[in-house]
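Beneath this line is the structure, given in structure tokens, with notes to follow.
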Amino acid sequence: MEHIENDDRFGGLTVNKGVNQPPVVNPYLQRRKRKPQLSAGDLVEGILKGDITTLARAVTLVESLSPEHQTVAQEVIEKCLPHSGKSRRIGITGVPGAGKSTSIDVFGLHVLKRGGKLAVLAIDPSSERTKGSILGDKTRMEKLAIHPDAFIRPSPSAGSLGGVARKTRETIVLCEAAGFDNIFVETVGVGQSETAVHSMVDYFLLIQLAGTGDELQGIKRGIMEMADGIVINKADGDNIQRAKLAQAQFRSALHLFPPTESGWSPEVLTYSGYFELGIAEVWDMIDRYFAFVDANGYFERKRSEQARYWMYETIDEQLRAHFYHNPDIKRMLEEKEIRVLNNRQSSFTAARDVLDHYFSM
Ligand code: GDP
């Protein structure tokens, strides 16, 4: 008996004999094969040729959590490094609704009109919006999305800010090696991610909206202090007057800040991303900045400083990961946590015990 269920004991239940799998209706149809994993050498070759598909695949490896992918990714980054660095890296921030997407679309087209290529990356560790959704970001920047010389990549999906930022930093290297000479790094201007963006760009642009004036207080002072330029968006229609007023307010607020490290005095302009007004002026301002920091050597100084910063950031991140992912440590931490919560041990001696154990491993 083929099926035990057909035994009399199981009355009312019959199981039919299975049929053979029918032949493929279309013999020419091949099963979709998974793309073979390219070697680091192949990836580098494709990237240096400027092949966007290869670039995208390498970025996927950079973003991957798998240790094998990370090994390949690190090798690719290392080999791309000598071909990187020749770009203008511009950070763009502003609260949701400030008009970042609209503006990046028109700023991007303006930049591309002058030739060259543009990569738009993002750092948004808290993001629900960008979680793996390339389409989401592409529809936000409609014109750039279909431009052959633009590469748009949403933020690496949620993780620790340090981790997300490092991946974006590494993606910059790959994009530059692929010949992208303009890099925009977008972030939502509400939290910690600005500091991370600031530490990987040459110019930091803050998009603001005209408000009632109270808004000046709402802006995080730290973010304003980092800005090399403040632009007030939506200066169109009956909003022009308010935008001008905000411009004056920001200008006087900036006077109260200490001089910048670059020696550059941040400028404040108004524009309209939607109606494409004042775009050339914003870009002239950015050009003036680059000429200024090229001439006084700050450009190079800042880049070396950033390289140093990322070395320590990477060490910090890897040390933490190594520590917290260790199964022994994980177990011990669970135990110690309970002891500390129950006041059976002080935080300090608990921490010391765990660290002692780690260092003696
Ligand atoms: P983001 O959240 O910072 O990316 O902002 P969006 O680019 O999505 O813009 C938010 C809203 O503001 C959208 O409805 C836009 O159409 C609108 N907007 C963007 N730029 C302008 C502008 O220059 N003028 C006006 N009037 N509206 C704008």
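The values are calculated or read from the model by the stated rules, or taken from the named source; none is laboratory data. No experiment lies behind these values; they were computed from the predicted model shown. No Cβ is skipped: glycine too gets one built from the backbone with ideal geometry, and neighbour counts run over all protein chains shown. Note: areas computed on protein heavy atoms with side chains; ligands, DNA, RNA excluded. Shrake-Rupley method; radii C 1.70, N 1.55, O 1.52, S 1.80 Å.
Among the conditions (1) outside any helix (DSSP H, G or I); (2) touching a residue at least 40 places away in the same chain (Cβ under 8 Å), Q345 misses just one, which is (2). When each of L43, L55, L65, L38 is tested for being at pLDDT 85 or above and assigned to a loop (DSSP other than H, G, I, E, B), the lone residue that passes is L38. Each residue in region 85-99 was checked for being away from the ligand (no atom under 16 Å from the Cβ) and surrounded by fewer than 18 Cβ atoms within 10 Å (Cβ to Cβ), and 2 of them qualify. One residue stands out among those in region 178-195 that are open to solvent by 10 Å² or more (accessible area, probe 1.4 Å) and away from the ligand (no atom under 16 Å from the Cβ): the one that is nearest to V106 (Cα to Cα), which is N182.
Can you say whether T53 is polar (S, T, N, Q) and within 16 Å of the ligand (Cβ to nearest atom), as far as the supplied structure shows? Criteria not met by T53. Residue check: is F323 within 17 Å of I90 (Cα to Cα), open to solvent by less than 90 Å² (accessible area, probe 1.4 Å), part of a helix (DSSP H, G or I) and not acidic (D, E)? In short, no.
Checking region 116-125 against the condition returns no match, with no residue being open to solvent by 60 Å² or more (accessible area, probe 1.4 Å) and either at pLDDT 90 or above or more than 14 Å from the chain's Cα centre (by Cα) (or both). Would you confirm whether any residue within region 230-241 is among the polar types (S, T, N, Q), within 10 Å of the ligand (Cβ to nearest atom) and part of a helix (DSSP H, G or I)? The answer is yes; a qualifying residue exists.
Among the candidates I77, I104, the residue that is part of a helix (DSSP H, G or I), at pLDDT 90 or above and within 16 Å of the ligand (Cβ to nearest atom) is uniquely I104.
Selection within region 252-307: residues that are open to solvent by 80 Å² or more (accessible area, probe 1.4 Å) and within 16 Å of the ligand (Cβ to nearest atom). The member of this set that is nearest to the chain's Cα centre (by Cα) is Y274.
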